[in-house]
Amino acid sequence: MIEMFDGSFTQQTPIPDAAQQAALAVMQSGRLHRYNLAPGDFGEVGALEREFAAYVGARYCLAVASGGQGMQIALRAVGVAPGEMVLTNAFTLAPVPGAIAAVGARPLLVDTADDLTIDLDDLQAKLGHARVLLLSHMRGHVCDMDRLMGLCNAADVTVIEDCAHTMGAVWRGVPSGRHGIVGCYSTQTYKHMNSGEGGIIVTDDADVIARATVLSGSYMLHQRHPAGPGPEAFEDAMWDMPNMSARMDHLRGAILRPQLAQLDERCAAWTARYRVVESHLQGAQCARLIPRAPHERFVGSSIQFVMDPADPDLVTDFVGRCGARGVELKWFGADRPVAFTSRYDHWHFAAPSVLPGTDRLLSGLLDMRLPLTFSLDDCALIGRILREELERTTAGQKVTPAAE
Ligand SMILES: *Cc1c(COP(=O)(O)O)cnc(C)c1O
């Protein structure tokens, strides 16, 4: 019997009841805009900012309209100017180079190591060309942060972290987003908390958060930010920074707070699913798993492996056979951007680069989401299907079970 999987790789869990109730209360109040507050109250957005700051141990926190907006605001707030080069990972998703382009700067792409993290040797070679690194913890893989911060500090390069895939992750005891000057998170539907769209940034730097707050569209209401600094921090920012209107509203704040309370539990549930799929792939002949460092508490909300040999026909055939059995894989080797998956050579606005490590990796890299709507049994079934189809690839059999 050929097993098939019929779950949806894009179906998220429902918004928790408490969040639905809180959202209803916001709607009943009519006060949706973050600065439309009852006397003496900071509203849902202010409460979320306070709670998130406490969760990651940051002094300051600002909620914004999207993860992409958070990164743009962070780049501008640390002083990136039009025309400047900004270092970033070649292996990441489009909103990351997009945020750099949005501030008029140019992405300078850094090669990728075999474990999917930024190639620190290539980074070291390029540090002299930029003042800022927008570091993307793509698909939750975190590089050696001690070495990275050592290199960047020595070269006076400011680090902004894109934690879209590492919200809730911890590296050697430090929450992801707390190594660089600013940590940026996304609360878009496919990330670790879901408000449809949304973003959060954190920092310990009062000047940076003051500039970010004005940029986010605070008018002159920055004193209504309970996780922001006092009025003295805004003395320059309020004159220097344009209002770019990227605020979060109370409806999203209300939806997110109960999710934050469940975040650690949900992260553990993702990683349990990851481990089940991973266990089925272990030892498969033509798939290489990505090793995870023991001190990395990662969030397994997606899983990656590399086909070896990375022959385009073999990979396309494998992806097709898995798809026919209901297991949707994204391949980073495709020539054209597909859905959420694009690769660095699709970003024609970036500085041209030669990135052999990334090329080698992406040609065989497969990627799969693991939504919490999948049970552990679902993940075991997915794992069995992947394993069987990998073994068919090894055996050189190209049969399409759905057609049988
Ligand atoms: C989703 C994502 C972001 C932020 O995206 P938004 O959709 O703007 O919230 C940033 N970086 C990566 C790697 C992402 O996948």
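The values are calculated or read from the model by the stated rules, or taken from the named source; none is laboratory data. Only a predicted model underlies this, so the values are computations on that prediction, with no experimental measurement involved. No Cβ is skipped: glycine too gets one built from the backbone with ideal geometry, and neighbour counts run over all protein chains shown. Heads up: the accessible areas ignore ligands, DNA and RNA and are worked out on the full protein's heavy atoms, side chains in. Shrake-Rupley method; radii C 1.70, N 1.55, O 1.52, S 1.80 Å.
Please note which helices (runs of 4 or more DSSP H) are completely contained in segment 209-318 and include at least 3 residues that are β-branched (Val, Ile, Thr) and at pLDDT 95 or above. Even if it seems obvious, please write down each step before you answer.
Details: elements: 234-240, 250-261, 263-281.
Counting at least 3 such residues, we get 263-281.
Each row is one residue, and each column tells you yes or no for (1) in the same structural domain as GLY300 (by TED's automatic domain parsing); (2) modelled with pLDDT of 95 or more; (3) in contact with a strand residue (DSSP E or B) (Cβ under 7 Å, 6 or more places away or on another chain).
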position: ARG360; (1), (2), (3): yes, no, no
position: LEU365; (1), (2), (3): yes, yes, yes
position: ARG369; (1), (2), (3): yes, yes, yes
position: LEU372; (1), (2), (3): yes, yes, no
position: LEU376; (1), (2), (3): yes, yes, no
position: ILE382; (1), (2), (3): yes, yes, no
position: LEU386; (1), (2), (3): yes, yes, no
position: ALA403; (1), (2), (3): no, no, no
Mind listing just one residue for me: the one in segment 196-211 that is more than 21 Å from ARG139 (Cβ to Cβ) and touching a Ser or Thr at 6+ places or on another chain (Cβ under 7 Å) and, of those, farthest from the ligand (Cβ to nearest atom)? ILE209
Of the residues in segment 242-287, those that are open to solvent by 50 Å² or more (accessible area, probe 1.4 Å) and under 30 Å from LEU221 (Cα atoms) number 8
Which fully enclosed strands (runs of 3 or more DSSP E) of segment 116-187 have 1 or more residues being more than 15 Å from the ligand (Cβ to nearest atom)? 132-136, 158-162
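Going through segment 59-82 one residue at a time, which ones are among the hydrophobic types (A, V, I, L, M, F, W, C) and in a helix (DSSP H, G or I)? Full working, then the answer.
So in segment 59-82, the residues among the hydrophobic types (A, V, I, L, M, F, W, C) come out as 61-65, 71, 73-75, 77-78, 80-81.
Passing the criteria: MET71, ILE73, ALA74, LEU75, ALA77.
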Just one of the numbered conditions (1) open to solvent by 40 Å² or more (accessible area, probe 1.4 Å); (2) assigned to a helix (DSSP H, G or I) is not true of GLU328; which one? (2)
Residues within segment 365-379 that are touching a Lys or Arg at 6+ places or on another chain (Cβ under 6 Å) and part of a helix (DSSP H, G or I), tallied: 1
Could you please tell me which pairs satisfy a Cβ distance under 9 Å, a separation of 6+ or placement on different chains, a first residue in segment 234-251 that is on the phi > 0 side of the Ramachandran plot, and a second residue that is open to solvent by less than 80 Å² (accessible area, probe 1.4 Å) and not aromatic (Phe, Trp, Tyr)? SER245/ALA65; SER245/SER216; SER245/GLY217
